[in-house]
Amino acid sequence: MMEFSFSFLNCFSLCLLSLAVVTSTPFFLQNRSLPGREWKMVGYLDMTDPTQQCPDSWQKITSPRSSCGKKSTAPCDSLNIATSGASYQTVCGRFRGYQIGSDDAFFYYSFPNIETHYVDGVSVTYGSPGSRHHVYTYAAGVYETNSASSCPCAGGTNPSSFVGSDYYCESGNPGPNLISTLMYSSDVLWDRQQCGGDETMCCNPPDLPWFCKMFPNPISEDLEVRICTDQGFNDESMAIESFELYIQGAISICNQVLEKLWIVYLTFCLVRLAV
């Protein structure tokens, strides 16, 4: 008969290790973990940390809020988020940003194209240029009040069909005045707060500021984050203060078996510790 050696110290250490693994994942994602799958952080930026710098493709904005914005005059400035060939079916994340000037959300895009600036805001996609696929969009409206350039939740222009309902939108400008090049730094976007005027509904999505997008089939292509605006720096821009991106994919059958054995052994340990 096979004997199992039991050590109080070993089991206690295993319990602490398991707790550390769980708590290292944001609580929002812990509630969305699927059996046999694990979360992997693939993108992170926090410009409130003075030691952090913007990616090379974006420029640093130092005042009035440390953040990252477009560097070039192109419609979008892109940041590649490497997934290292990992197979995934779910992408989750969150963004914090600021409106600068006259951001128009989804206005001015009569013939929107995912390959260009279909939004004033942040675009999250996967795939290479020319074959991009939409993941999620964070848009910035011009006013909190109703206008064509405001958020759809405030009566503004609806997004294109490829965006669908996979977006968040907010304005930092209560209106009716507008100052080009001004960062509306008193109202962080997409944080479920300060949705005044006609955009009250913009703060209603229950998962805000987090998004999660599940795909029917596994993906292994890199993600891409683009800061987009349709007009020049003298009129508008967009600032990202922080973001996190995670992917979740199926693990191998072998690892699933090992995971089940781990759970059995951990349960055994917990029972013995309770005696």
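Among the residues of the stretch 23-31, is any open to solvent by 90 Å² or more (accessible area, probe 1.4 Å), modelled with pLDDT under 90, over 21 Å from the mean Cα position of the chain (by Cα) and not charged (D, E, K, R)? The answer is no; no qualifying residue exists. If the condition is being crowded, with 22+ Cβ neighbours inside 10 Å and of a type in the set (F, W, Y), then the stretch 143-166 contributes only Y143. For L266, indicate whether it is touching a Leu at 6+ places or on another chain (Cβ under 7 Å), at pLDDT below 95, outside any loop (DSSP other than H, G, I, E, B) and open to solvent by less than 60 Å² (accessible area, probe 1.4 Å). So L266 passes the test. The set of residues in the stretch 234-255 being open to solvent by 70 Å² or more (accessible area, probe 1.4 Å) and at pLDDT below 85 consists of I253, C254, N255.
Is it true that E144 is more than 26 Å from T90 (Cβ to Cβ) and in contact with a Cys (Cβ under 6 Å, 6 or more places away or on another chain)? Criteria not met by E144.
Out of curiosity, is D191 part of a loop (DSSP other than H, G, I, E, B) and buried (at least 16 other Cβ atoms within 10 Å of the Cβ)?
Considered against the rule, which asks whether it is part of a loop (DSSP other than H, G, I, E, B) and buried (at least 16 other Cβ atoms within 10 Å of the Cβ), D191 comes out as yes.
Based on this model, can you work out whether D198 counts as outside any strand (DSSP E or B), in contact with a strand residue (DSSP E or B) (Cβ under 9 Å, 6 or more places away or on another chain) and either in contact (Cβ under 8 Å) with a residue 12 or more places away in the chain or within 30 Å of T83 (Cα to Cα) (or both)? No.
Taken over the stretch 168-188, the residue count meeting the criterion of being outside any loop (DSSP other than H, G, I, E, B) and of a type outside the set (S, T, Y) is 3. When the stretch 121-142 is limited to residues that are assigned to a loop (DSSP other than H, G, I, E, B) and surrounded by 24 or more Cβ atoms within 10 Å (Cβ to Cβ), the one that is nearest to the chain's Cα centre (by Cα) turns out to be G141.
Within the set Q89, Q52, the sole residue that is touching a strand residue (DSSP E or B) at 6+ places or on another chain (Cβ under 8 Å), without any contact (Cβ under 8 Å) to a residue 24 or more places away in the chain, open to solvent by less than 70 Å² (accessible area, probe 1.4 Å) and under 26 Å from F27 (Cβ atoms) turns out to be Q52. Number of residues in the stretch 64-83 that are without any contact (Cβ under 8 Å) to a residue 40 or more places away in the chain and either small (G, A, S) or over 30 Å from S220 (Cβ atoms) (or both): the value is 2. Contact annotation: residue pairs with Cβ atoms under 7 Å, 6 or more positions apart or on different chains, pairing a residue in the stretch 169-192 that is more than 22 Å from A148 (Cβ to Cβ) with a partner that is in a loop (DSSP other than H, G, I, E, B), are M183/P64; M183/R65; S185/P64; S185/R65; D191/P209; R192/L208; R192/P209.
Just name the residue that is farthest from C203 (Cα to Cα) out of those in the stretch 159-176 that are out of contact with any Ser or Thr (no Cβ under 7 Å at 6 or more places or on another chain) and aromatic (F, W, Y). So, considering only residues that are out of contact with any Ser or Thr (no Cβ under 7 Å at 6 or more places or on another chain) and aromatic (F, W, Y), the one farthest from C203 (Cα to Cα) is F162. As for the stretch 61-78, it holds no residue that is farther than 21 Å from Q231 by Cβ, in a strand (DSSP E or B) and open to solvent by 10 Å² or more (accessible area, probe 1.4 Å). The condition of being out of contact with any Leu (no Cβ under 7 Å at 6 or more places or on another chain), in contact (Cβ under 8 Å) with a residue 24 or more places away in the chain and assigned to a strand (DSSP E or B) holds for only one of E244, E221, that being E244.
For the stretch 94-107, does any single residue satisfy the condition of being part of a loop (DSSP other than H, G, I, E, B) and either loosely packed, with under 15 Cβ neighbours inside 10 Å or touching a Phe, Trp or Tyr at 6+ places or on another chain (Cβ under 8 Å) (or both)? Yes, because at least one residue in the stretch 94-107 is part of a loop (DSSP other than H, G, I, E, B) and either loosely packed, with under 15 Cβ neighbours inside 10 Å or touching a Phe, Trp or Tyr at 6+ places or on another chain (Cβ under 8 Å) (or both).
The residues of the stretch 201-243 that are of a type outside the set (D, E), farther than 30 Å from S84 by Cβ and over 17 Å from the mean Cα position of the chain (by Cα), listed by number, are M201, N204, T229, Q231, G232, F233, N234, S237.
The values are calculated or read from the model by the stated rules, or taken from the named source; none is laboratory data. Since this is a predicted model, take the numbers as computed values, not measurements. Note: ideal-geometry Cβ built from the backbone for every residue, glycine included; neighbour counts use all protein chains shown. The protein model used for the area step is the full one, side chains on, heavy atoms only, and it has no ligands, DNA or RNA in it. Shrake-Rupley method; radii C 1.70, N 1.55, O 1.52, S 1.80 Å.
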